[in-house]
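K.L.:
Questions regarding the structure given below will be posed in turn.
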Amino acid sequence: MNTVKKVTEKSTRRASTLRVIKGGLFARTKKEIAIENLWLICKASFWNTQLFTNDEEKEFKALLSEHFKGSRNIDITFKQLVERVCLTKRYLTRKKGRYISKPIDWLNINYKNGLAGTMSWYKVVEEQRETVPHYNEGISLLAKALLRYADTRNILDMLHYRRELIRLKHHDLLQLFMNSIMHIQYFNF
């Protein structure tokens, strides 16, 4: 009986010295993580019912990386691109019959009717915000929420931003937020 107690005390002491090391199998840069998450957001927004091969997804991510070239702040670029995805999503749903091209085209930085072409839409929103500070605040809140969730994966953050989108009555953005979270959480390899 005394021996069992000593063994238990020793194993308890040893267990308390274990350290938790956070990390994955492969070290990735902040830019690579942002590109991966942006691809998942685009996929959740526009092509969530389509299956792509790993090679196709690598090609799409390479196209997205072009949008980050020369960026001094990956987070700001990420939020801007998410806002542009939201603007596109709203454009598509505003009128029946509108569509988006396939990812190989839409993500290409040289395709004027794709993600690159949404820069002019974003600039108009930015100009409006100078005179009306809360103009289209829902899309900037969504971009901030997705960046925060992608960085922390904290359920409390997700619940907070969900409540905010509901409070602001941005139900279309709430749906996009929840779809994007699901893609980031479950399809992020």
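K.L.:
Pick out the one residue from V124, V132 that is of a type in the set (A, V, I, L, M, F, W, C) and within 22 Å of I100 (Cα to Cα).
P.N.:
Of V124, V132, the one residue that is of a type in the set (A, V, I, L, M, F, W, C) and within 22 Å of I100 (Cα to Cα) is V124.
K.L.:
From the list I41, I76, I35, exactly one residue is assigned to a helix (DSSP H, G or I), in contact (Cβ under 8 Å) with a residue 60 or more places away in the chain, aliphatic (A, V, I, L, M) and under 24 Å from M178 (Cα atoms). Which is it?
P.N.:
I41
K.L.:
Give the residue, chosen from F52, F78, F46, F60, that is aromatic (F, W, Y) and more than 17 Å from the chain's Cα centre (by Cα).
P.N.:
Answer to the check: F52.
Residue by residue, here is whether (1) of a type in the set (D, E); (2) under 24 Å from Y135 (Cβ atoms); (3) surrounded by 14 or more Cβ atoms within 10 Å (Cβ to Cβ) holds:
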position	(1), (2), (3)
W47	no, no, yes
D55	yes, no, no
F68	no, no, yes
R84	no, yes, yes
T88	no, yes, yes
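K.L.:
In the set D105, D157, D151, which member is in contact with a Gly (Cβ under 8 Å, 6 or more places away or on another chain) and in a helix (DSSP H, G or I)?
P.N.:
D105
K.L.:
Any idea how many residues of region 125-165 are surrounded by 13 or more Cβ atoms within 10 Å (Cβ to Cβ), hydrophobic (A, V, I, L, M, F, W, C) and over 19 Å from L40 (Cα atoms)?
P.N.:
2
K.L.:
I've got another one for you. Do we have L92 as under 21 Å from D75 (Cβ atoms) and not in a loop (DSSP other than H, G, I, E, B) here?
P.N.:
no
K.L.:
Going through region 128-147 one residue at a time, which ones are of a type in the set (D, E, K, R) and modelled with pLDDT under 95?
P.N.:
Matches in region 128-147: R129, E130, E137.
K.L.:
Then there's this: May I ask you to say which residue of E57, E66, E127 is in contact (Cβ under 8 Å) with a residue 40 or more places away in the chain, part of a helix (DSSP H, G or I) and either acidic (D, E) or out of contact with any helix residue (DSSP H, G or I) (no Cβ under 8 Å at 6 or more places or on another chain) (or both)?
P.N.:
It is E66.
K.L.:
Need the failing condition index for G97 against (1) more than 19 Å from the chain's Cα centre (by Cα); (2) surrounded by 13 or more Cβ atoms within 10 Å (Cβ to Cβ), just the number.
P.N.:
Unmet condition: (2).
The values are calculated or read from the model by the stated rules, or taken from the named source; none is laboratory data. Everything numeric in this text was worked out from a predicted model, so none of it was measured. Positions of Cβ are backbone-derived with ideal geometry, glycine not excepted, and every protein chain shown enters the neighbour counts.
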